[in-house]
Amino acid sequence: MAIPHDIKDLELATGGRYRIDWAGQEMPVLKQIRERFAREKPLDGVRVSACLHVTTETANLAQTLQAGGADIVLTASNPLSTQDDVAASLVANDEIPVYAIKGEDNETYYRHIHAALDHRPHITMDDGADLVGTIHKDRREALEEIVGGTEETTTGVIRLRAMASDGALRFPVIAVNDSATKHLFDNRYGTGQSTLDGIIRATNILLAGRVLVVAGYGWCSRGIAMRAAGLGANVIVTEVDALRALEAVMDGYRVMPMLEAATVGDIFVTATGDIAVIDRQHFALMKDGAIICNSGHFNVEINLEGLAELANGEPTRVRPFVEEYKLGARSIYILGEGRLINLAAAEGHPASVMDMSFANQALATEYIMRNVENLAAQVYTIPAAVDQEIARLKLGAMGVQIDKLTERQEAYLNQWQEGT
């Protein structure tokens, strides 16, 4: 039977299979879950429509869901994040329908989302909430069969909580991003490393001695700042939240408004989840040769339309994923069209950290199906016990052992009578 799909080239499948298997070696927690899923089939007959970055790590998640009995369709959650050989391998080797082409335009992107919804899912799986947003705006008939969904990233969780607050959300969604084994590791260590990987691959510049400005100091920005400082960059943090700004100061970084940072920065990285974090007034102050990129989910963090209006003519593609905008005698460089630089110009997060993130996705899906009757149309977090189990499995795979509370210690923590 021909598997429906819309990808770049099926001939890329062999190389994709090798890379998927390579990533799988770094994902021991997901492997253990897959083995259990294959035995127990907790998702037997469940239709899943997943809107995720089509990477080697995502492929291992898709295989895990399939092993559990799920009927899964995969579409891209960002026009530049697809790895075309991975898409080909999933279609050719795993018989999973995939709708994703690296570099697809917005029209194709949303056509692919609608193709995934034609699957009539019971479960949605999102990275940025475009799938859920499309359902609620344009495909409300799909709500009849959906029992729940999961959300991978901070930006998507923000959108979903806004929907829930407005009373617009029509089915329960688990905020995978809020799990400790996701945001404390994926966002910090994964985004930290992969963002700098994308910058370096796109530009081949030396970070040591450069002034690198990080917009925001959430978990993703913390990771970027930490890794950039480790490579010798002089890191500046901009923030709107006083507590996070104070934490950045205590962590040893300079903190200042973006208007001030714009005059001294060599490299700018946004990771806030908000719009126009770098705007027209900032472009006007930047020095010649400034490099700007984004590691937040959507490309709205950089006002690219405003930059185009300020520029002399059309931008010039000077390297793959590097566009030069001329502002008078100055040049400003935008990386990866303002989209996720770690996936546009690199390969996204390392598999070992996505192991925990996608373990959360797999177990969240199982949790929804086991608790359908008890879940309302709101945003949930995964139970703490599941977080702990994922951490335990990860430590075991790493060969790390930890202490256990003695009976006396446990009793002490659960009483109030014993004091000084």
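The values are calculated or read from the model by the stated rules, or taken from the named source; none is laboratory data. Quick caveat, the model's predicted, so the values are computed rather than measured. A quick note on method: Cβ atoms are made from the backbone with ideal geometry, for glycine too, and the neighbour counts reach across all protein chains shown. The area values use the complete protein model at the heavy-atom level, side chains included, leaving out ligands, DNA and RNA. Shrake-Rupley method; radii C 1.70, N 1.55, O 1.52, S 1.80 Å.
Results, tabulated for the structure shown:
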| item | result |
| --- | --- |
| Residue within region 292-301 that is touching a residue at least 40 places away in the same chain (Cβ under 8 Å), acidic (D, E) and closer than 19 Å to N187 by Cα present | yes |
| Single residue of region 362-420 satisfying the filter (in contact (Cβ under 8 Å) with a residue 12 or more places away in the chain and assigned to a loop (DSSP other than H, G, I, E, B)) that is surrounded by the fewest Cβ atoms within 10 Å (Cβ to Cβ) | A376 |
| Filtered residues of region 102-135 (kept if within 22 Å of Q66 (Cβ to Cβ) and open to solvent by 20 Å² or more (accessible area, probe 1.4 Å)) | A115, D118, H119, R120, H122 |
| Options A311, A262, A242: the member that is out of contact with any helix residue (DSSP H, G or I) (no Cβ under 8 Å at 6 or more places or on another chain) and open to solvent by less than 30 Å² (accessible area, probe 1.4 Å) | A311 |
| Residues that are closer than 23 Å to T381 by Cβ and either acidic (D, E) or in contact with an Asp or Glu (Cβ under 7 Å, 6 or more places away or on another chain) (or both), drawn from region 128-149 | A129, D130, V132, G149 |
| A87 vs. criteria part of a helix (DSSP H, G or I), surrounded by 17 or more Cβ atoms within 10 Å (Cβ to Cβ), within 23 Å of the chain's Cα centre (by Cα) and at pLDDT 95 or above | yes |
| Test: P4 is closer than 26 Å to D105 by Cα, part of a loop (DSSP other than H, G, I, E, B), open to solvent by 10 Å² or more (accessible area, probe 1.4 Å) and modelled with pLDDT of 95 or more | yes |
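Residues checked against (1) open to solvent by 20 Å² or more (accessible area, probe 1.4 Å); (2) more than 20 Å from H112 (Cβ to Cβ); (3) charged (D, E, K, R); (4) free of Cβ contacts under 8 Å to residues at least 40 places away in the same chain:
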{"residue": "G15", "(1), (2), (3), (4)": "yes, yes, no, no"}
{"residue": "A23", "(1), (2), (3), (4)": "no, yes, no, no"}
{"residue": "M27", "(1), (2), (3), (4)": "no, yes, no, no"}
{"residue": "A38", "(1), (2), (3), (4)": "yes, yes, no, yes"}
{"residue": "S49", "(1), (2), (3), (4)": "no, no, no, no"}
{"residue": "T64", "(1), (2), (3), (4)": "no, yes, no, no"}
